[in-house]
1. Apply the Karplus curve 6.51 cos²θ - 1.76 cosθ + 1.60, θ = phi - 60°, to the phi angles in segment 68-77 and return the couplings in whole Hz, x for Gly and Pro.
2. Given the pairs K28/K171; K24/K120; K22/K85; K61/K173, which span a C-alpha to C-alpha distance of over 32 angstrom in this model?
3. Which chymotrypsin sites (Phe, Trp or Tyr not before Pro) from segment 93-197 combine a DSSP loop assignment with at most 10 other Cβ atoms within 10 Å?
4. Taking just the C-alpha trace of the chain, give me its Rg and Dmax in Å.
5. Is the shape of segment 225-264 rounded, prolate or oblate, going by the alpha carbon gyration tensor and its root eigenvalues a ≥ b ≥ c, with a/c under 1.5 for rounded and a/b larger than b/c for prolate?
6. For segment 73-123, which GluC sites (Glu not before Pro) are in a loop by DSSP, counting at most 14 other Cβ atoms within 10 Å?
7. Take the Cβ-Cβ distance between D25 and R256 as r, set R0 to 25 Å, and report the resulting FRET efficiency rounded to the nearest 0.05.
8. Below 8 Å, C-alpha to C-alpha, sequence gap of six or more: please give me the relative contact order for the chain in percent.
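Please treat every number below as a calculation from the coordinates, not as lab data. Worth saying up front: this structure is predicted, and the values here are computed from it rather than measured. So basically every Cβ, Gly included, is an ideal-geometry build from the backbone, and we count neighbours across all protein chains shown.
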Amino acid sequence: MKIAYKSDIHLDFWVKEKNRNKIKDFIKNILFPKTADVLIIAGDLGHDNLQNALFLEEIKKYYGVVLVTFGNHDLYLLDEESLNKYKTSHARLSELKEYIRFIEGVYFLDGDIADVAGMKILGAGGWYDFSYAVRHGISLEVIRGQWEVIMRDAKYIHPKIDPPTFSSFEKEKIRSFIYDADIVFTHVPPLYIKCFDDVLMNSFYTFYGYDLFANNVKYWIFGHCHQAHDFYYDTVRFLSSPLGYPVGRRGEFGIRDLNINLKG
Ligand SMILES: [Fe+2]
């Protein structure tokens, strides 16, 4: 089975209009899709639900099944207009899920398992928990204070979240199904990869998920950090292929894929 994966599309940074043809061009010229049985999108589609839905309709044409979860940007209410329309980030996410429900072959996973030709794929957002900085001796109070200043998550997610609480909530969703999963994908990586040299910054990009790996999981696909990864930790292969923003690029064009034979 061939699995393709991508994350951090940030569509509205690349395509300014809600125009199907422009989105088709973006897919062709930036993502170079090749057919595969499954495409996994590990969060951060973009800031506009309708545009994201058009994108998913178009990219689905290349894949048997498309599985997607949310990233932090998929919760943002950026302006007065979206604040008035949605009131809460949860409402915005519910609308996206509702759009996706009507797109054949595209599934939004929020702590759920999809069975694709006998392969069990678990998808969830996941969330950073500050623990990376705590382990470096920085107090929660200081971390939280910096989070308020540095991260736009503090400003654009409504009502304001408490990252450690949200993270443990997300982690429990993952934990309840992980025993069945062959492949997991989350927006936030469940281990301390180095996304930034700065300890505080890095604690906004990872969570402690080491206690989740002693299961059947063979592959873990993630996003959030705008650098591509492919490495093993223990017996799990960790993969990411973020697109990122057009300016100040750290991500990569194209969509990575790999052949998986779990019985082999
Ligand atoms: Fe993100």
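1. Each residue's phi maps through the Karplus curve to give 9, 10, 9, x, 4, 5, 6, 9, 5, 10 Hz.
2. On the way: K28/K171 35 Å; K24/K120 30 Å; K22/K85 26 Å; K61/K173 30 Å.
Pairs exceeding 32 Å: K28/K171.
3. Values: sites: Y99, F102, Y107, F108, W127, Y128, F130, Y132, W147, Y156, F166, F169, F177, Y179, F185, Y192, F196; in loops: F102, W127, Y128, F130, Y192, F196.
The qualifying sites are F102.
4. Considering the chain through its Cα atoms, Rg and Dmax are 17.4, 53 Å.
5. Values: a/c = 5.54, a/b = 2.04, b/c = 2.72.
Taking the square roots of the gyration eigenvalues as a ≥ b ≥ c, segment 225-264 is oblate.
6. Details: sites: E80, E81, E95, E98, E104; in loops: E104.
Hits after loop and neighbour filter: E104.
7. On the way: r = 21 Å, r/R0 = 0.85.
Efficiency, rounded to the nearest 0.05: 0.75.
8. Working: 569 pairs, mean separation 62.0, N = 264.
For the chain, the relative contact order is 23 percent.
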